[in-house]
Amino acid sequence: MSSEELPSCGINDNDINNTIPVNTRKVQITPNDNTQCVKCLYNIANNVKDKKITKKEKKEQQQQQKLKEDGNNEELNNQKPIGKPIINFRSEQLCWECYRELILKKFKLNIVKVRESKRDAEKLLVALSGGTCSSMLLELLKQCTEGSGKAKMFLDIKCVHIDESSITPYQNQNETIEFLKEFTISKLGFSTIEIIPLEDLLGTTTPLELRTKQLQQQFKDLSSETSKEDLLLYYRNQLLIQVAHKLDCKKVILGTSSNRLAVQLVASTSKGRGFSVPNETSVIIEQPSNDIKFYQPMRDFLLKEIFIYYRHLNILPVPVMFSILNLKPKHSINTLCEDFLHCLQDISNQTVHTLLRSVDKLISPSIDSNYNCSICSSPLTSEEIKGLEKVILDNKSKENKNNNNNNCSSSSDNGCCSTTSPSKTEDSSCCNKIEDNSNNNNNNNNNNNNNNNNNSGCCSTVPSQIIVNKETLCYSCKILYRDFKSTPNVAPYIKENSKQLLTTSQLKNEIKDFLLNSDDEDDN
């Protein structure tokens, strides 16, 4: 068997295609004629039968066992033939049949964590990018639903693809969509696949061309390539959450490989996201702000292992897509961390697994599910929550000072909210809506007073523009927001999250004196 060049690291699942990336690591598999599969030899040595047998074959084997015990029959072995190895799977040479069985077994151990009920069909939203990892993910899920192996899983799978061609023009989107439709519908037998443009995150009421221009302008205003990559990731995840709500799915399945998670671990730590690293690199990604959970069942597979598995399936060749490996290492923090891990993986092939095992031992501190970043939805640290509360207290003190300086009781004639003159009725109060034509003069007086006091008009009806408060962002998102060259017109969900977080924090601050502490309850 000829030697193969396979990548050791990559940041997304499109790094492995029909073409060989520029930065690769040689994994030579040059077995001799006498080389045999390690697992097949182990099965023969320990008299392990083939697991894929029918009930009739089991009965026949039981009858043969009885004949052996009586001494009326010679020893019979129902072993499958020894195959030729195709991969050095973690210092062991395995044939295709043994390798496929091992991959499916490891995948089922992770996909079992998704299931809450063994009888009811679980609704899963599978995110497909058109790369090798997501294609292999869908094929493994298909095997689980068909009952290949011990048990059959009842899964209701919905396929979705996020169209990012407006932001990534180097990607051949037409070929990718054609491949996904042929792969999911024709080859694997799924009913449909949803193609959702990234512009839907900005709403669906305005025309698509206008939304495309707004989205492209947001990414043009960012001065850093790292911020562009991060914002694209956050937008994609938020759009997947919206699609999951629309399709009534509470679980989103991602085809993230172990190489990508290792790169994300190092890159997130260098960008100041170490607080959320244990959650983002685990099999189950908790979303405190909503009821949607992300799952990464392919966390234990390297890109090399995924590529060899998909290539031996001989289903459809993956379309050639843009690979981040073709970029320069100093293009962004993500590419720099990827190149760094790539070199380490060349020296020691246990680098990726060592990083992921190390992060499994980390324990995130206790978090408050009510305080999450407005952009990435990750939980805020205790220091960031204190900073947000301090800003709310400062704003409240400023409002009190403005109200005291512009006290309406001094002007009892025009009487903006005055309580000194007993002759004032509710209809003449400036805080009420007056619809009678006889009160037009009073309305004109109140409007003049409000125009003179722009900063402190208590009856001002001018709606304030929704602005993203930087204190509602985590540390890395503050840096991202700072990279905008001008005041950005970000996605609507960011403004809504920022406004909701400020309201929640303000309400908590107002009722904190009436809440009971845990220490007080223990004393009672």
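Please compute the net charge surrounding residue 168, taking Lys and Arg as +1 and Asp and Glu as -1 over other residues with Cβ under 13 Å from its Cβ.
-2
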Margin query: Accessible area of segment 141-241 with a 1.4 Å probe: how many percent of it is carbon plus sulfur?
Written below: 47 percent
Notebook entry, point to check: What nm distance separates the two modelled labels at residue 312 and residue 210, each placed 7 Å from Cα along Cα→Cβ?
Noted result: 5.5 nm
Margin query: Between residue 152 and residue 508, what is the label-point separation in nm under the 7 Å Cα-to-beta-carbon projection?
Written below: 4.8 nm
Next item on the list: Using label points projected 7 Å from each Cα along Cα→Cβ, tell me how many nm separate residue 123 and residue 470, to one decimal.
Entry: 4.1 nm
Next item on the list: Over 30 Å between C-alpha atoms is what I'm after, so list which of 118/293; 181/213; 330/470; 304/470; 181/251; 106/181 land there.
Entry: 304/470
Margin query: Per 0.36 nm of contour for each residue apart, how much would the distance between residue 398 and residue 383 grow if the chain were fully extended, relative to their Cα-Cα spacing?
Written below: 3.1 nm
Item checked: Packing-based order for 126-138, 189-201, 472-484, using average beta carbon neighbours within 10 Å, highest first -> 126-138, 472-484, 189-201
Note to self: From the phi angles alone, apply the Karplus equation (6.51, -1.76, 1.60; θ = phi - 60°) to segment 486-501 and give each ³J(HN,Hα) in whole Hz, x where the residue is Gly or Pro.
What the structure shows: 9, 5, x, 9, 6, 4, x, 5, 5, 5, 5, 5, 5, 5, 5, 5
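The values are calculated or read from the model by the stated rules, or taken from the named source; none is laboratory data. All values derive from a computational prediction rather than experimental measurement. Cβ sites come from the backbone with ideal geometry, for glycine too, and all protein chains shown count toward neighbours. The accessibility values were calculated without ligands, DNA or RNA, using every heavy atom of the protein model including side chains. Shrake-Rupley method; radii C 1.70, N 1.55, O 1.52, S 1.80 Å.
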